[in-house]
Every structure is written in structure tokens, then in C-alpha cells.
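Report on one structure; see the data block that follows.
The values are calculated or read from the model by the stated rules, or taken from the named source; none is laboratory data. Please read all numbers here as calculations on a predicted model, not as lab measurements. Backbone-built Cβ (ideal geometry, glycine too); neighbour counts: all protein chains shown. Calculation scope for accessible area: heavy atoms of the full protein, side chains included, ligands and nucleic acids excluded. Shrake-Rupley method; radii C 1.70, N 1.55, O 1.52, S 1.80 Å.
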Amino acid sequence: MSKSDVIPAAAPASAEALAPKPPGGAGLEAVFRPRSIAVIGASRDRSTVGGALFANLMKHDFQGPVYPVNPKSSVVQSVKAYPSVADLPEAVDLAVMVVPARFVNQTLEECGKKGVKAAVVISAGFKEVGGEGVVREREMVAIARRYGMRVIGPNCLGVLNTEPGTSMDATFAPPYPPHGSVAFSSQSGALGLAILEYATALNIGISHFVSVGNKAD
């Protein structure tokens, strides 16, 4: 058999090839102005990422229901908790994930089946670590495309919107800047945190903030 007779194996399809990417800013309303939020991995312990993020949403008076999802706790920070996304009383607009990377895709699949519109994946352990993380991130995007969800992250600080009608702090950062007209996007979580700290200290108004992390979507 000559080399010309050998048919090369087909390259694995990319996540983008499985379903078209939504155009422009489609679906981002659910990220920045959600009517309801689930924090998957919300914790009673406010020193953890899941605990701090859930506490921030409660502290800054998000103008909609916030559902903690934790299979090991029936109550999180005085709020009734649910063991899984499937058990939530409604399909929330936004799911914020603070779970180990190996559980993210399974959880995102559950979100898609529930009708969740968008997700912020705080969890690390994706393409930034190479190897299996690259595959895991590709699969994550494929799941999101299949269900028409938008995804922020993974490996990110979160998002916030200081508009009075929303008042959403879905980050685990301590500072919360005053409302203003400047929107800010940062790939780096460390830079994003520094910007929020300076804006708060100097009373510089921020309208929206997003930490995009790995920019998978």
C-alpha cells in the first residue's frame, strides 16, 4: 500500500462546528440583566468562593430571586437550598457555577435541560491547564451551543451590574463600586479585582463589569 492509499483520520469536530454561535450580543441580556439567578455550589462558608459570591448577591440587593444549589445543605445563608438544578422551582435566566471543573459539563447539561439561558462558569481547570482541560472546555462550549446558552468564563471572577433595577454582584470580589456610566471587561481576574478596588476607593462609577476568563464562548 502506498502512502497515497492511506486516508488520514478526520480531525475531531470543534465545538463551534456542532452548532452556530449566536450572533452579536444575543443572549447577553440574561447575563447582565437576569430576572433570576441560581448559584450552583453556593456555600454556607462565606470565606469560600461559593459562599462569598452568594453573599454578594444577597448583600447588594439583587432585584430578583436567588436560588442556592447545594446537594449537601438544605439551607445556605438562611435561604432554602436545592439539591440540583432540576429541583429548582423555575428555569432561571442565569446560572453561576462554582463547582469543581469535572462537574461543570454535567451541570451545564442539567441547566440546558432546565431551560437556563446563560451561565457564568467561575470554576478553573479548563484550557488554562492544557491537556484534559482543553477537551473539557471544548465540550462545555458544545453543550452551551446545543441548548442555545451563552457562557461567561470559565476561570473567571464573575459579572456585575450596578443599575438600580438590577443591582447584581455575581462576583466573589469584596469591593462593589458605585453606579456610573463606565462598563469594564477584563480577561485577567487579578486586573479586574484591582479595577473594582480602585473604582470603589476613588468613587468612580461602574455600570457593568465582566471578567471573561478563558473566553470560551
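Overview of results
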quantity: Of 160, 193, 94, the one that fluctuates the most in a GNM where the chain has Cα springs shorter than 10 Å; calculated: 193
quantity: Projected label distance in nm at residue 59 and residue 198, using a 7 Å step from Cα toward the beta-carbon; calculated: 2.2
quantity: Nearest-ten-degree value, helix 101-114 long axis tilted from longest Cα axis of the chain; calculated: 80
quantity: Using θ = phi - 60° and Karplus 6.51 cos²θ - 1.76 cosθ + 1.60, couplings along region 206-217 (whole Hz; Gly, Pro as x); calculated: 10, 8, 9, 9, 9, 9, 8, x, 6, 6, 4, 9
quantity: Counted charge near residue 93, where neighbours are those whose Cβ lies closer than 11 Å (Asp, Glu -1; Lys, Arg +1); calculated: +2
quantity: Gyration tensor verdict on region 110-164 (Cα atoms; rounded if a/c is under 1.5, prolate if a/b is larger than b/c, oblate otherwise); calculated: oblate
quantity: Long-range amide H partners of residue 151 with built H, under 5 Å; calculated: 119
quantity: DSSP beta bridge pairing in the chain, given as percent antiparallel to the nearest 5; calculated: 30
quantity: Measure of compaction for region 53-108 (Cα Rg per 2.2 N^0.38 Å); calculated: 1.13
quantity: The chain - percent relative contact order, Cα under 8 Å, separation 6 or more; calculated: 20
quantity: Percent accessible area from carbon and sulfur atoms, the chain, protein chains only, probe 1.4 Å; calculated: 57
quantity: Cα gyration tensor shape of region 106-205, rounded if a/c is under 1.5, else prolate or oblate by comparing a/b with b/c; calculated: oblate
